[in-house]
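Undergrad: Just passing along the structure, written as structure tokens.
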Amino acid sequence: MKIAILPGDGIGPEIMAQAVRMLDVLREDGLPLELEYGVLGGAAYDRYGVPYPDETARLVRAADAVLLGAVGGPQYDTLDRPLRPERGLLAIRKDLGLFANLRPAILYPELANASTLKPEVVSGLDIMIVRELTGDIYFGQPRGMGVTAGGEREAYNTMRYSESEVRRIAHVAFGIAAKRNRRLCSVDKANVLETTEFWKEIFIEVAKEYPEVELSHMYVDNAAMQLVRNPRQFDVMVTGNIFGDILSDEASMLTGSIGMLPSASLDANNKGLYEPSHGSAPDIAGKNLANPLATILSAAMMLRYTFNRNAEALRIEAAVKAVLGKGLRTADIWEEGCEKVSCSAMGDAVVAALRAA
Ligand code: NAD
């Protein structure tokens, strides 16, 4: 189990150090994990002058999975675009052929007050949003800006999906739903857009291979409403790139705590890049204040989806729940009556809970 560890920038190294401690515990218990470190983003620019150097590319191609902290920082914002940290992220995703983005929105009952929605609407929420990452209107050709035959300025993009692109994301989504509560909601705008009418047809075909999963369909405008009206009706939602971009951000905000949310991006063989949903938080970097739980939970996702080690993933998730249950909170999720702890103290507590499990 070869894992490339890319701490990245800002709070990246602090939160990654805590996630690695969890992996060390599992390794002591016999899991054959091999960790190798590399640089990405600003850290890579500082050392090699580019955000995704060849050394890192070699490392991540040879690994079975990649665990990433976060990239970016104000000191890099004035660089030429191709040299900026975010380009490193785009480059690694493209290089590894990561087409399926998995974003869970989980609200632990202990954190129900962190949401802007009423606790009774969101407490216990557990949704998985599967977003196609490499097609759709973000990449479709033709695209551009120009001038119409009549001489008026215009701009255009093309929403486009091939059958193979839809089939492979459908298989990922059905596979995930089969491992959860076996309910999959495919989000489209089939009443208006041919591309998504086609998407829906392919999903209905693929569904025949997964009789144990109940497939439903929902228009994207309704899905946006249902997510705030009654989000617990969903188990797994799957959608194309642009709808997924918007709905996954909406869903993550239901939880009110960005420092808690992991994510995964997978290729066709379940090789994956795992990272917290948040950024590099330069405002609190180096202060031992960051919440490491999203990164720790990303490591749990890695064990589940790339290494098929559900028991170990559940063990980490249970340790996180136990620590929240004891009332320990980093500053971002702190509330009256709880104990405020640093990033490393949160790591200490999760390690202790993991050892006790
Ligand atoms: P951000 O997610 O870094 O921070 C937003 C707010 O949330 C900040 O107040 C921050 O302190 C807080 N926050 C984020 N993660 C936290 C954590 N684990 N614990 C406690 N508080 C946390 O988003 P931003 O401020 O818009 O971006 C900062 C930098 O991160 C930018 O350079 C941006 O490009 C980059 N970024 C990177 C990624 C990524 O690596 N995938 C994603 C988003 C943004």
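The values are calculated or read from the model by the stated rules, or taken from the named source; none is laboratory data. Values in this document were obtained by computation on a predicted structure and should not be read as measured data. Quick reminder, even Gly has a Cβ in these numbers, built from the backbone with ideal geometry, and neighbours come from all protein chains shown. Remember, those area values only see protein heavy atoms, side chains included, never the ligands or the DNA or RNA. Shrake-Rupley method; radii C 1.70, N 1.55, O 1.52, S 1.80 Å.
Undergrad: Pick from R61, R87: which is of a type outside the set (V, I, T) and either more than 13 Å from the ligand (Cβ to nearest atom) or open to solvent by less than 20 Å² (accessible area, probe 1.4 Å) (or both)? Break it down into steps so the answer makes sense when it comes.
TA: Values: R87 fails: either more than 13 Å from the ligand (Cβ to nearest atom) or open to solvent by less than 20 Å² (accessible area, probe 1.4 Å) (or both).
From the options R61, R87, the qualifying one is R61.
Undergrad: If you check A105 against the conditions, is it closer than 17 Å to T255 by Cα, at pLDDT below 90 and open to solvent by less than 40 Å² (accessible area, probe 1.4 Å)?
TA: no
Undergrad: Let me ask something else. Looking at the range 4-36 only, could you name the residues that are buried (at least 23 other Cβ atoms within 10 Å of the Cβ) and of a type in the set (V, I, T)? It would help to see each step written out before you state the result.
TA: First pass over the range 4-36, keeping only residues buried (at least 23 other Cβ atoms within 10 Å of the Cβ): 4, 6-12, 14-16, 18-19, 22.
Those that are buried (at least 23 other Cβ atoms within 10 Å of the Cβ) and of a type in the set (V, I, T): I11, I15.
Undergrad: Go through the range 282-298 and count every residue that is among the basic types (K, R) and part of a helix (DSSP H, G or I).
TA: Of the residues in the range 282-298, 0 are among the basic types (K, R) and part of a helix (DSSP H, G or I).
Undergrad: Which number in (1) open to solvent by 80 Å² or more (accessible area, probe 1.4 Å); (2) out of contact with any helix residue (DSSP H, G or I) (no Cβ under 8 Å at 6 or more places or on another chain); (3) within 15 Å of the ligand (Cβ to nearest atom) marks the one condition that E152 misses?
TA: Among (1) open to solvent by 80 Å² or more (accessible area, probe 1.4 Å); (2) out of contact with any helix residue (DSSP H, G or I) (no Cβ under 8 Å at 6 or more places or on another chain); (3) within 15 Å of the ligand (Cβ to nearest atom), E152 violates only (3).
Undergrad: Anything in the range 117-147 that is under 19 Å from G97 (Cα atoms) and either outside the structural domain of M237 (by TED's automatic domain parsing) or assigned to a helix (DSSP H, G or I) (or both)? List them, or say none.
TA: D136, I137, Y138
Undergrad: In addition: Mind checking which helices (runs of 4 or more DSSP H) fall wholly inside the range 1-116 and carry at least 1 residues that are among the aliphatic types (A, V, I, L, M) and closer than 30 Å to G327 by Cα?
TA: Here the list reads 12-28.
Undergrad: Let me ask something else. Inside the range 64-84, can you point out the residues that are away from the ligand (no atom under 14 Å from the Cβ) and surrounded by fewer than 21 Cβ atoms within 10 Å (Cβ to Cβ)?
TA: Answer for the range 64-84, where residues must be away from the ligand (no atom under 14 Å from the Cβ) and surrounded by fewer than 21 Cβ atoms within 10 Å (Cβ to Cβ): D64, D80, P82.
Undergrad: Just checking, how many residues over the range 299-322 are within 16 Å of the ligand (Cβ to nearest atom) and of a type in the set (S, T, N, Q)?
TA: Final tally of qualifying residues: 0.
Undergrad: Within the range 236-252, does at least one residue satisfy the condition of being open to solvent by 20 Å² or more (accessible area, probe 1.4 Å), modelled with pLDDT of 95 or more and farther than 20 Å from L107 by Cβ?
TA: yes
Undergrad: Of all residues in the range 254-298, which are within 16 Å of M128 (Cβ to Cβ) and away from the ligand (no atom under 12 Å from the Cβ)?
TA: L254, T255, A264, L266, N270, G272
Undergrad: Would a scan of the range 281-295 turn up a residue that is open to solvent by 10 Å² or more (accessible area, probe 1.4 Å), within 13 Å of the chain's Cα centre (by Cα), of a type outside the set (A, V, I, L, M) and on the phi < 0 side of the Ramachandran plot?
TA: Scanning the range 281-295, I find no residue that is open to solvent by 10 Å² or more (accessible area, probe 1.4 Å), within 13 Å of the chain's Cα centre (by Cα), of a type outside the set (A, V, I, L, M) and on the phi < 0 side of the Ramachandran plot, so the answer is no.
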